[in-house]
Each structure stands twice: as C-alpha cells, then as structure tokens.
1. Of the numbered conditions (1) among the hydrophobic types (A, V, I, L, M, F, W, C); (2) assigned by TED's automatic domain parsing to the domain that holds G465; (3) out of contact with any Phe, Trp or Tyr (no Cβ under 7 Å at 6 or more places or on another chain), V498 fails exactly one; give the number of that condition.
2. Within the stretch 548-583, restricting attention to residues that are among the hydrophobic types (A, V, I, L, M, F, W, C) and modelled with pLDDT of 90 or more, which residue is surrounded by the fewest Cβ atoms within 10 Å (Cβ to Cβ)?
3. Just to be sure, is L1014 within 21 Å of R1108 (Cβ to Cβ), under 51 Å from the mean Cα position of the chain (by Cα) and either modelled with pLDDT of 90 or more or in a loop (DSSP other than H, G, I, E, B) (or both)?
4. Report yes if T690 is polar (S, T, N, Q) and assigned to a loop (DSSP other than H, G, I, E, B), otherwise no.
5. Would you tally the residues in the stretch 655-680 being surrounded by fewer than 20 Cβ atoms within 10 Å (Cβ to Cβ), at pLDDT 75 or above and outside any helix (DSSP H, G or I)?
6. If you go through the stretch 632-650 one residue at a time, do you hit one that is closer than 30 Å to D702 by Cβ and not basic (K, R)?
7. Tell me, please, whether a residue that is acidic (D, E) and either surrounded by 14 or more Cβ atoms within 10 Å (Cβ to Cβ) or without any contact (Cβ under 8 Å) to a residue 24 or more places away in the chain (or both) can be found in the stretch 512-525.
8. Among the residues of the stretch 570-592, is any closer than 27 Å to P542 by Cα, outside any strand (DSSP E or B) and of a type in the set (F, W, Y)?
Amino acid sequence: MSKEAAEDVGSATAESVKSFVAGGFGGVCAVLVGHPFDLTKTRLQTAAPGTYTGGLDVVKRTVAKDGLTGMFRGVVPPLLGVTPIFAISFWAYDTSKLLIFAATPNRKSETLSIGELATAGFMSAVPTTLVTAPVERAKVLLQVQGQGVAGEKQYKGVIDVIGHLYKEGGLKSIFRGSFATILRDGPGSAAYFAAYEVTKKALTPAGKSPSDLDLGSIIVAGGMAGVAMWSLAIPPDVLKSRIQSAPEGTYSGFLDCAKKTIAADGVKALWRGFGPAMARAFPANAATFGMLKLRVRGTAPLPLAITTSTMRPWRILVSTSLLFGNILCSQTPLSGPSTLASTLVSELNKDPDYELLLRLLQRTRLIPTLNRLNGSTFFAPTNEAIEQHAFWRSILDDGSATLADNVQEQLRQQLFYHLLNYTVNAFPEEASDLQVHKTLHFPRIPLDSPTHEPPPYPPWIPIPGGSLGGEPQRLRLVPHKEKLYVGVDAHGKGGVQVTKGKVDAGNGALFGINKMLEPPPDLATVLSQTPSLSYFNSLLTPDIHKALNSTSALTLFLPTNEAWNSLDKLERTYLESEFASDDLAKILNMHAVSEGVSWSDAFHPALNLTTIDGQNLEIVVSPDKTMVGQADLVEADIYASNGVLHIVNSLMIPPGALQITPEKYLLALNCTSFVSLIHSTNLTSLVNDTEAKYTILAPQDDIFTFFDEPTLPEPGSEELKKMLQYHFLPGRWTPKKLQDGMLLETALQEPGLDGGRQVLEVESDTKKIRFAGASVIGEPVEVNNTLIYFISKALVPPTDALQAALPSLELSSFLAAVSSTSVAKTIKKTPRTSLLIPHNEAFQRLGLLVSAHLLAASSKSDLEKVLLHHSLDSVQYAEELVNGSSHSYSTLEGSDLTLEKDANGTVFLSASGGWAGMRTELYPKNTLTETGVIHELSDLLIPRSVDLTAGKLVKAAKGSTMGTLVSKAGFEWVLNGTAPPEGSRWDQAGMTGAGWTLLCPTDDAFKDYNLTELYQDTRRLESLVVQHLIPMVPPSLVVAEALNNNRPLHMDDSATYATVLTRDFQEDYGDVVFKEVESAPGSYVVGIKGARGTNGKTHAATVMAWGRSTTGGGTGGVIQIDQVLEPYYPGPWRQYGAPAVVGVLGIILIVLFFLGVTWVMRRDTTEATYEPVGGFGRNEEDD
C-alpha cells in the first residue's frame, strides 16, 4: 500500500473512531435527560385503557408509589446499551455517507442531498438493531412492572430480566420485537439525521460552514432531529412496546399486534405516549448533539462533505475492517520459530531450500495439518525437486485464486505420501534389508470431474479409508552405497535419494529429498508398466481396464507372458478377438481376490484366500519359494493405489472353465456386429449357454451397415440391451409352429410388464414369415438347441405408450392432454396397462365447453381422472377383447369400463360416469408398448368421479360475471349441481332431481353494465338470472341419448323453451327460442320469444359453444352466448296505450251520453207557472 493510501486509511479510521466515541458519549447524555419521559411514554403505551388519564397522571402515580427514583426505573439497560447503540449509529451513519460518496464517483455536488442523507440515516439503523432490540426488551419490562396499584415487581434488575427471558425462550425471547424495532428506527433514523443536517444548514449564516455553528445552534438542530424522528416513530414504537411487554403468545407478529391494537382501542391507540415522546424528543436529543459538540471541540469536525476525487470504496472498507474486522486464521507460516517450540513448519520456514514446498503447503491448506502432527517423519522435497516436477510446478505457476479441488486433493495426497505418522530413528544398514513404512497417504478413487467445492472436513487431515481397504499406502527405504533411498521397489531398485540429513522438530523429523515421491498408480497402470505381463495387458478390454483402475482393495496374482502358451491355440485366438470379454473376465476373476489387500508379509507361514470366482487359493511359504496354488510366486508386492500385484509363473484356470458356445457359431455365420453389440451390453449369457433352447432373430453384418432407421442406441446402454433381448425367443420356434397374428414372448423381461416377457407379433403365410415387421431371409439354421432366423432389419422393442402412439396424428389431442398433466409418468410407467386413446374428433364431439374445462390449467384434476379412466389396469390384447364376452375392466382412475358387443360384432365401451348412455366404439389395434398395449376409441369417456357441474362449464365459457349473478340471485345450487335448498320454492316445485340449462353470456357481454347497481337491485338481478335458466322438465325436453350427443338441449326446428321467468315468475315474455342460421348451418341464435321494439339487440344472442353437465341425471348444461338476454317488458305505450285510449274514449262517450241526456231533458220538460185565466192583458183602467 502506498504512503498516500496508508494516510487515507488512517484518516478515515480516525474519523470512524471519533464518530464511535463521540456518539456513545452523546447517547449517555440523551438517556439521562430523556428517561423519565420515556418511562411515561412506555407506561401509557402498554397500560390497559383507562389506567392513566395522561402523562402527568403517570408521573404523579409513579412518584407517589416509588419516589423520584421510580422515574428512572429501567434506566440501566439503556445506559449499558447506549454507548454501543449511539456509537454504532453515528459510526454507521458516517460510514453510510462515505459509501454513498464512493458509490457515486461522477456526482456533481460535493454535498449529499436530503434523500441521500435520509438513506444514510436509514442504513445506520440496521446494525444498531442487534443492540437496540434486546436493550429495549429489558428496558420495557422493567418500566412497566409494578404499574398500577396492585402491580408486583417481577424482576430485580437487568440481569434478572435477561436471565428470565433466556429461560423462557432463549435468544428468541431476548430479541423479541426486533422487526418492530427496525421498522421504528429505520424511518426514524432517516428523519433524524436528515432533519439534523437540514436544520444545521438552515441555521448556518451565509458564507460559513455548518461545522462552524455554535453550541446553541447545534442544540436546536439536535432537538429538531429528535422531534422529526418521533413524529414518525410513535406508531411502530407503540407496537414494539406492546410486543416486548406482552406475555408469550399474545401476538404472532407485528401485523397481528397492529390488528389487535386497532380492534381493541382504535387507531388513536397507535399514538399513545405521543405527548411524553415529543416532550422528551427535543431536550434528550439536544443534549446528545450538545455533548457531542463539546466532546469533539478542539478536534477536526466530522466529515459531512467529502471531495469525491479523494474518496475510494476500498479505503472505507479498510477503515471499517480495522475497527470491527476479525483477525482470520491464516495459512501463512510463521516468520520465525515459535516461542513455544520448534515445529515442522518453523523448520521448513528457516530453510530457504523449502520455499516452494511451503508455497505448496499453503496452496493445499496443509499448514494446520503439519502443526497438528506429533512425532512424524516428513520426507520434504527441496526446491530443486519441485522445479523438476511438471505437475507441482504448474500449480505454483497458476496465478488463479483457486484450483479445482480435485486438483488440490491430488496434490494433498502426493504430499501425504511424503509423511509418516511416527518418527523413524533407525534405518537399515544393508541393501538387502528393506524397511517398509506406512505413510499418511490413504489413496482414493479420483473424482470424475473438476469441482471447486471444498473438502468436507477442515483442517485437511488424512482420513483413514480409501481404496486400500482402510490401509495407508506403503513406502520402502533401503541404503545403497552409504546413501539412503526412499520409495524403492520390492528389489530395492529406483527410489529417491535423501539429500538433506535429519532435522529434529518439536513435532517430528525432517529429511530433504532431491525428487518428488510419486504415489503408486492404479492397478491398470501398474499392469501396463510391467513388461513381464505385457501379453495379458494386450488382452484387456475397456471394461476390465476400468475394473482394474476403479475397484478398491484388489489383490492380483497374474501369470507371466510365457504362462499363456499352455492354452490351446484356438482358445488363444478367441481370447485375442474383441469378443472374448466374458472369458477374459472369468480368467481375471480366477486370478483376483477382492477380500482385501494381501501384502506378502501376510503370507507367512500359509494363507488361504478365495478368488472372485469362488475358487480357493492356498498360499504356502517355504524357505526356498512361495507357492500360490500350483504356481510359483515370481515377484511380490508391486504397490498400486487400489491394491497390490503379485506375479506367478502359470495360469490358475480350472479344467473345463472355457467352452465353445453358440456365440462362436454366430461369428462364423457373419453376425459379428450382432455379437459385438451383445458383448457391449453384457448379454453374452444368451449366446454362451450350450444347454438353453432359444430362437435367435439375428441381423447379419450387412444389415447393420445400412442401419439408419431407427438409429442404433449407444453401445452398452440399457436401451440397446433391451433391443437385443427382443431378438431372443425362449424355445425352438420352427416355421411349422408359427401362425399368423400370434404373439410370441421374447427374452426381454420388461419392467413395464411387472417383469413379464415382452411379446412380438408374427405374420405368417405360405410365402413369407415376418417377426415384428422384419422379413425372414433364407432358411433358419439349427445349431444344437438353438434355431437362428436371419432377418431383414434389427427389431426395436415397444417403447412407452405415449411414444408408441405419437406417429398417429389422429391421437395427438389426447397425447397433448396427457403431456400437460402430472399423470403422464403414471400412464407411461404403470406396469401392465392397456391404454385406450380416443381420436381427435372425440374432444370436439364432447362439446367445446367440456373440452375447454378439461383442458384448462385449473381443471387438471378432472382431466387427470378422465385420462386415467382410459387406461385399464390390465393388459388386454385385441383377441381377448374381440372374442371375449361382455366384461367390466377396472381402470387406473378407480372405476370400471363396461365392454359390450352388438349384433354386428362391433365392440363398445361404456363409461362409469358422464351423461346417460355415454359410450364409445372400440377399435382394436394391438399397438404394443413397454407397459402393455394400445387400442383406439371413437369418443372420450368421463368417469363418475368427475362432476361436470354448470359452475365448471360457466368458468370454461368465460362467464364468471354470470356465475356471480347466479350466486347472488340465490341459485348457486344450480352451479354446484346440487338439489335446491330444502323447503325452497324450487324444492316444493319438485325440481330436486331436475337438470338445468344455463344460457351464459361471456364476461365481455357485461362490459356496458354497471354491476354495482345491478348487484343492489335484487329484483332486476333475479329477473335477469331466471331469464337465462331453463329447467329440463317435463321429460320431453330431455335430449334423446345418442353415441356422440353433446348438446344440453335440442336447438333445431325453432325449439322453444320456458325459462324460470316464464314458468315460475309467471311473466308473459320469458320463453326463449332457438333458430339455426340459414347462412351458416350448425350455427344458432337464441332470443326471447315475442320481444319487439329493439331489433333483437338486447333480447337475442348468438350461440358460441355449449357443454353438457353430468349432474341432474346427466341432463342440461351450459350454452355460451355473446349477449345478455335482458328480460323483455313492453313499453308503457305498448303495455298501457290501448287500454288508455279505450278508457279515454269510454269516458268521452259517457260524458257525451250524459250531456245528450241532459240536453234532451231540458228540451222536453216544461216548467209549471202561475198566470191569470185570461192571461197577462192590459187593465181596462189602463185603456
């Protein structure tokens, strides 16, 4: 690190330490000033409603009961925790600001925005919660105990509180309320520090820095910061106090506490203690920042604005690490000898000739291992030895931080081969005196591929076990010409010279060697490096080679090259071919022992071993020689990583162990490729048994030359093995025994048939014989008990049911449905089943809504039941179905299918459920599968376990709005397919067993409706629903049953149906009528009969789809329409116009009648008068 960088780190560290100490000191001041207010707040928050009338009441009653000291009850926990809490808070705040600067190197402003200050404040609350939560828990419990007249003091002090909490619920109880604490302190701290900085900026005179503010301004800023914080923090603080003070189990969490608090005391309860909190907020936090100002006076101010050009993230992290980081355990060796004792590591460290070795030990993390050893011996490679070793040097040259761990494991094991777990004090003096030592190297089968995962057991000490049967690898020592050699062979040859004398260390002895010790390789490699075994090595097959390098704890007694001359020349020629793996494996097993590793020191005086093939092997040691069975031991103890190799001078093959088998005849008949594949799958027993009777269907070599379709499976694969077994038929099937259409069992024992034999179909006529579609070429050849047919192509055994059905496009819909569910594996893998697959048209004939329901993601349960209903739980070939009698067959779904035949011999299957009379025609196909057979159906069958209710079909019709209306109108039982409520008008009307057809408008049809108003208008809602409900009574309305019928009701010939609106609500315009669209046969419209005046816009709809339900006796269903059928009510003029006109005219006529009568009466009636008899003449006197 440069000097400048070091100074930056030191400066940043000093500032962090200053923030830490000053924050802690200011926190103490805040506690002492604010605790009485805090106690008042807490008691108000946690007391039962009505306990106190307010904050002053709390103070009065507390002082009256406990004196002034009672106001400081619970002050010890915050005093103990305040230093770390405030110190961490202020440190985290400053560190967060530095991190924000570091994260925005291209910022234009050298000061943080209000949002950034709030972010830094929020971040500062996170680490403080670890201290704040338990402190607050203890403080709250001490503050609330004894409140009230009869309150008892449960705790004696803070230690007693912690002890009780730990006994009660462990650390979980102590940290209760941590989530509520961070919900309080996160936003609160954001407001706290942001308000402090903003207030300081506002109080700073023009031209001056906030750091120049006097004490009074700092006190004001601190007080405003506290007010800002508690303005946000009161609600979560109330909940925190309740959670922390309540008995165990009162609240399940923060949200539960909030719900219960509001439910019991209202929202205002969340603001309890607001007065004391605000009264405390200003003085307590003013004291905090005031004392902080006094504490740091005379020193450089805390950095609030940092020049980004000088700030780097690594400096922040380094300063933080210097303050809080842990000193990690290092793999680096000590710079000098231990002050306690000398160790192997310290001795290596003192000698520069072991510098590279120390680097390897560090790389492999073996420093702790060496330090833990006691009384060991280390043959330490010098720098020169490591430089000469390509692998070890490559590791040192690799500059990457880590190596794939199996590379490190290889290096570790090589280093362990240089270590003994004891100190060698005496060495042999004569070259004939070999010393054999056990190392700390426990060889293991190497990992298959690189991995960066670490070993499971640090430190990396040798773990007993491995490929030598739990024994460590051995190492020989021998002197030669006054020099000591280590790692020599059984004859004392080779090895590595010890070039540096013994160095005693406190925990062992150290010897320097001039070359690396190579751990012995696996047996296959050892065999290839031994010249006297070159003939056997040339015979090894890949399988034997793999066995020799991957099998643990083997002891081999292998014959020399000359020993093989005792075999017959023909047998040797066969062994040298590529097909002798079985015989070679037998020979190896006759010369191998897998009971454990037997070194020659275990032979004395005699030893009995059992070879892998079960032969007893007696070893006898005499002064002159060692006999292994009838062979002489030529060389003993050739070490290997997975066993030991001994060389003998003769074969140990019992008489008659190698015989001529049918395999050799197949080779002579030009079936080399076929035999080669048999060997790759370890099926040689099928062609090596001279007693078994088999009919072999053998493709000759020219067939495999053009074998393109299907492509051959991988050699040695399980798929190829099954394919080859399919070519072997138990028994001798001569042409006379073969009949057309017969099914013959093969040697393939199919797991999908519960271990039963798979079959193939025979086609036979007078001219040709075919096995599973492959023609027979020429005449069959008889060899002893074996009959061989040469066929035109290789046979492929049946695959799983879904794959077998895939070529048939007519079955694709069913296959797609199966693939979309979780029963695909069940259908494919359930043993001994017959799959009945309906044609694609079956889904259409089922009804679009039924198909849509079954294929919907939410209806997988119903679909799976339907699919499993099409799989019989037994294998039924075509002959059994066609020629058998009526029968019921159980399915994987659990119910039965019933088979029936008509007079013409047509086979039908009836479902266990669905609507009345549901059945399908069976098309026997005998499509073989690995689990049974496939036949085909004309229609889909529905089991009784699937209820196709109106509700399900409504959902499929995208009519959730209509479904909601039906439920709100009280007809949810129609959707559920259940009987009407007992005692209801529908129950009394005898509709208990009736089916229903619902005309279901799509959700889009309601886009112009105000559904809220419709839900509230119950009369209109009910009328609208019953307009769309058609009861399926009387029986004449029930659809006549037919094989492919899927309609809920007839829609042809202007079919008219009474809805519930007509039938039960006695409305005149409630019937609906269906009509076929002339321009589109098969398409229908439905409308309200007799509706006029709207051109059918609101009283007619197009039929889009339908589906038949299985409830209500299998009658009825749902018809999807594109418009809502509004109940038709004639307008006022149409409804009342004619009567009104008649009434008015009647009134007018009545009035006219009475006027006429009156006029007539006035005209015909004379009023009576009084006049003189002579009339009113002039008096005579007047004359």
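The values are calculated or read from the model by the stated rules, or taken from the named source; none is laboratory data. Here the structure is a predicted model, which is why all the values come from computation and not from measurement. Backbone-built Cβ (ideal geometry, glycine too); neighbour counts: all protein chains shown.
1. The number of the failed condition is (3).
2. Going through the qualifying residues, I end up with W564.
3. Numbers: within 21 Å of R1108 (Cβ to Cβ): no; under 51 Å from the mean Cα position of the chain (by Cα): yes; either modelled with pLDDT of 90 or more or in a loop (DSSP other than H, G, I, E, B) (or both): yes.
When the stated conditions are applied, L1014 does not pass them.
4. Details: polar (S, T, N, Q): yes; assigned to a loop (DSSP other than H, G, I, E, B): yes.
Yes, satisfied.
5. 5
6. no
7. Of the residues in the stretch 512-525, the ones acidic (D, E) are 518, 522.
Those still in the list that are either surrounded by 14 or more Cβ atoms within 10 Å (Cβ to Cβ) or without any contact (Cβ under 8 Å) to a residue 24 or more places away in the chain (or both) too: 522.
Scanning the stretch 512-525 turns up at least one residue that is acidic (D, E) and either surrounded by 14 or more Cβ atoms within 10 Å (Cβ to Cβ) or without any contact (Cβ under 8 Å) to a residue 24 or more places away in the chain (or both).
8. Start the filter on the stretch 570-592 by keeping residues that are closer than 27 Å to P542 by Cα, which leaves 570-592.
In the following step, the residues that additionally are outside any strand (DSSP E or B) were identified as 570-591.
If we keep only those that are of a type in the set (F, W, Y) too, we end up with 574, 579.
Yes: one or more hits.
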